[in-house]
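Undergrad: My structure is below; once you've seen it, I'll send some questions.
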Amino acid sequence: MFNKINKYVSNFNNIMENVYNRKIIASSKLFWGYTQIYDIRNYDNLDEIINDFHTSLKELLKNNNLISLLEECEKCKFHCHTHNFEEILLTDKDIYLCDNC
């Protein structure tokens, strides 16, 4: 019985942690599909999420010596058309960041 309770509590904790995770995906001609998961409890606004997303993409390109792509990524101005920060807090849907407007 104790094992069943531990399993239930563990599953509940996993579900509660996932409640705060948001999948952020690049909607970009060059970087389409690049995806990161962010815990929204660590952010105060959308600009912080976008900045971390852009930084993580640049680091990936730099670490893999993809210099031409890194130079293109430096020019990107990621933004979100579909959600403001408050909506991101309330949704469980994927969030797309655009850079090709």
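Undergrad: What residue among Phe78, Ile40, Leu90 has its Cα farthest toward the positive end of the dipole of the stretch 22-98, where the charges are +1 on Lys, Arg and -1 on Asp, Glu, each on the Cβ?
TA: Phe78
Undergrad: How high is the FRET efficiency from Asp52 to Lys29, r the C-beta distance, R0 22 Å, rounded to 0.05?
TA: 0.50
Undergrad: Sticking with this one: If you average the sequence gap of Cα pairs under 8 Å that are 6 or more apart and divide by the length of the stretch 22-98, what percent do you get for the contact order?
TA: 42 percent
Undergrad: Under 11 Å from the Cβ of Lys29, count the other residues' Cβ atoms, weight Lys and Arg +1, Asp and Glu -1, and hand me the total.
TA: Charge balance in the 11 Å sphere: -2.
Undergrad: Whose amide H sits under 5 Å from the amide H of Tyr96, counting only residues 5 or more places off or on another chain, with H placed in the peptide plane?
TA: The list, which skips near neighbours in sequence, is Ile25.
Undergrad: Under a plain spin-label model, where a point goes 7 Å from the Cα along Cα-to-Cβ, how far apart in nm are Ile40 and Phe85?
TA: Here the modelled spin labels are 1.2 nm apart.
Undergrad: Okay, moving on. Identify all aspartates and glutamates with a Cα-Cα distance to Lys75 below 20 Å; exclude those on the same chain that are fewer than 8 residues away in sequence.
TA: The qualifying aspartates and glutamates are Asp47, Glu48, Asp52, Glu59, Asp99.
All of the numbers you see were taken from the coordinates with simple rules; none came from a lab. Being a predicted model, the structure only gives us computed values, none of them experimental. Cβ atoms come from the backbone with ideal geometry, glycine included; neighbour counts cover every protein chain shown.
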